[in-house]
Amino acid sequence: MRLLLATDAWHPQVNGVVRSVERMAEAAAGLGVEPLMLTPSDFASLPMPGYSEIRLSLVTRGRVLARWKRLAPSHVHIATEGPIGHAVRAACLSLNQPFTTSYHTRFPEYLAARAPVPEAWSYAWLRRFHAAASGTMVSTPSLERELAGRGFTRLMRWTRGVDTELFRPRDADAAADPFPGLPRPIFLSVGRLAVEKNLAAFLALDLPGSKVVVGDGPDRARLQALAPGAHFLGALTGEALARVYASADAFVFPSLTDTFGIVLLEALASGLPVAAFPVTGPLDVIGGTGAGALDTDLRRAALAALTIPRERCRAEALRYTWAESARQFYDNIATAHALGPAPRSPRRASGAALPRPG
């Protein structure tokens with residue numbers, strides 16, 4: 001399989017989409033796949049207004065077709081619905097080439113938080129984009145049900161994983177304590193600092209100890225002004241990020257719009273109990289496991305998380321591996337490709353789902 005893997009989300013962005021795409025590319029060789037990456041680094045681009053970290057590629061179907069001749073892909077996966085995703089989709093349709101897509105991001109909710117655009121309009125646009133695919137991958141059962149109810153079709157399940165060697169419980173080491181002098185308990189939140197992440201809900205909580213935020217983004221200045229007593233550490237990766245997770249007392253995930261939340265797995269793998277709202281993502285990862293507390297009252301959930309045994313969190317995270325995630329991903333692509341191009345008719349049955357491998 002020579003897989004053209006097209007994504008608008010790429011470095012320097014730090015988010016779940018980038019991590020997922022990277023992991024799939026890394027696992028490709030071991031599964032007999034040659035990944036052919038198409039990212040914003042391959043084209044001239046402009047910064048997204050108000051969010052310069054995101055680059056909008058200046059790409060057309062013609063430019064994609066020119067590269068297509070050189071790359072000669074046998075399979076295609078479109079990870080995002082941005083300029084690259086649209087150009088590759090158009091190229092596939094012109095060549096009658098089957099392709100798969102994945103639904104990572106709730107653009108309708110994100111857009112509605114920034115502009116007066118009805119969510120119904122955005123969902124109609126996304127539904128049309130994904131309807132041309134032979135299969136659309138979703139990360140959780142609750143997201144699959146929700147999208148099926150909105151008329152999305154040919155849905156396939158693709159879970160995520162976590163690096164349990166990097167993100168792990170660690171012995172207390174005063175010399176390496178990332179929170180020297182901060183009152184305990186430490187309530188931690190990790191993620192992009194943008195309005196759709198709902199960080200303000202976390203920062204507004206009346207909690208004992210200290211609030212720590214890891215991440216960066218366009219909403220950082222507003223959030224720091226909103227909560228001058230909170231501690232903002234900026235963007236962290238690798239060992240520095242892993243040590244912060246392992247040294248905190250509870251992980252608070254205030255998002256109402258994430259489709260999964262890889263940070264949830266990173267926290268659990270570090271032995272850190274999670275507090276979140278009972279919504280898509282947390283419900284699928286945490287619900288019924290005893291590894292976190294879900295409550296419509298986020299303060300109550302945060303305090304309840306402090307009582308959860310850390311070993312229970314670690315045990316739950318060990319169920320998620322990037323190896324299994326990659327197996328699902330590439331099996332889905334092979335299954336969808338074998339079905340051929342999606343029918344062009346808009347009358348396909350709402351909610352129809354492809355058989356899931358494994």
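The values are calculated or read from the model by the stated rules, or taken from the named source; none is laboratory data. All values derive from a computational prediction rather than experimental measurement. Please note: Cβ atoms are built from the backbone with ideal geometry, for glycine as well, and neighbour counts cover all protein chains shown. Each accessible area value is taken on the protein alone, full model and side chains, heavy atoms only, with ligands, DNA and RNA left out. Shrake-Rupley method; radii C 1.70, N 1.55, O 1.52, S 1.80 Å.
Projected onto its three principal axes, the C-alpha set of region 1-50 covers 40, 21, 10 Å, listed from the longest axis down.
Against the main long axis of the alpha-carbon atoms of the chain, helix 238-247 sits at an angle near 40°. Quick one: check the C-alpha center-to-center distance for region 139-190 versus region 50-109, whole angstrom. If you average the Cα positions of each part, the centres end up 27 Å apart. Largest GNM mean-square fluctuation among LEU268, LEU294, LEU226, using the chain with Cα springs under 10 Å: LEU226.
Calculate the all-directions average of the projected area of region 91-194's alpha-carbon convex hull, and give it in nm². List each step's numbers first, then the result.
Values: hull surface 44.6 nm².
Orientation-averaged projected area of the Cα hull: 11.1 nm².
Helix 61-71 and the longest principal axis of the C-alpha atoms of the chain enclose an angle of approximately 90°. Counting protein heavy atoms only, region 205-358 has 54 percent of its accessible area on carbon and sulfur, 1.4 angstrom probe. Per-residue ellipticity at 222 nm from helix content only, as computed over the chain with -39500 (n - 2.57) for each DSSP H run of at least four residues, stands at -11000 deg cm²/dmol. Between region 254-271 and region 299-343, the C-alpha centres lie 10 angstrom from each other. Taking amide H atoms as placed 1.01 Å from N in the peptide plane, the amide H of LEU236 lies under 5 Å from those of GLY215, each 5 or more residues away in sequence or on another chain. When the solvent-accessible area of region 66-168 is split by element, carbon and sulfur atoms take up 57 percent of it, the probe being 1.4 Å. Sorting 230-239, 188-197 by their mean Cβ neighbour count within 10 Å, with the most densely packed peptide first, gives 188-197, 230-239. The protection proxy used here, the mean number of other Cβ atoms lying within 10 Å of each residue, ranks peptides 212-220, 37-45 as follows, highest first: 212-220, 37-45.
Spin-label model, ALA338 to ARG300: label points 7 Å out along the Cα-to-beta-carbon direction sit 4.9 nm apart.
Using only the Cα atoms, what convex hull volume per residue in Å³ does region 203-358 have? The partial results should precede the final answer.
Details: hull volume 26.4 nm³, N = 156.
Considering the Cα atoms of region 203-358, their hull volume per residue is 169 Å³.
The residues of the chain present an accessible area of 42 Å² per residue when probed at 1.4 Å with all protein chains retained. The radius of gyration of the Cα set in region 265-304, together with its Dmax, comes out at 9.2, 25 angstrom.
Taking a quarter of the surface of the convex hull around the Cα atoms of region 1-88, what do you get in nm²?
Numbers: hull surface 21.9 nm².
Answer in nm², one decimal: 5.5.
Once both labels are positioned 7 Å from their Cα atoms along Cα-to-Cβ, the gap between THR237 and ARG70 label points is 2.5 nm. Using the Kirkwood radius over Cα pairs, work out the Stokes-Einstein diffusion coefficient for region 35-155 at 4 °C and 1.567 mPa s, in µm²/s as a whole number. Roughly 84 µm²/s, to the nearest whole number. Amide H contacts under 5 Å for LEU155: THR136, ALA353, LEU354, restricted to partners 5 or more places along the chain or on a different chain, H placed in the peptide plane at 1.01 Å from N.
Largest GNM mean-square fluctuation across PRO183, PRO108, PRO278, computed for the chain with C-alpha springs under 10 Å, falls on PRO183. Note the angle between two axes, namely the Cα long axis of helix 16-28 and the longest principal axis of the Cα atoms of the chain, as a number of degrees from 0 to 90, rounded to the nearest 10. Helix 16-28 and the main axis of the chain meet at about 60 degrees. Suppose we look only past 13 Å in the calculated P(r) of region 78-124. What percent of the Cα-Cα pairs does that tail hold? Tail of the P(r) past 13 Å holds 62 percent of the pairs. Principal axis extents of the Cα atoms in the chain, from largest to smallest and rounded to whole angstrom, are 61, 41, 37. Residues whose amide H comes within less than 5 Å of that of MET37, counting only those at least five positions distant or on another chain, are LEU5 (H built at 1.01 Å from N in the peptide plane). Please identify which residues in region 209-231 have an amide N closer than 17 Å to a label point set 7 Å out from the Cα of SER52, following the Cα→Cβ vector. Those under the cut-off are 216-222.
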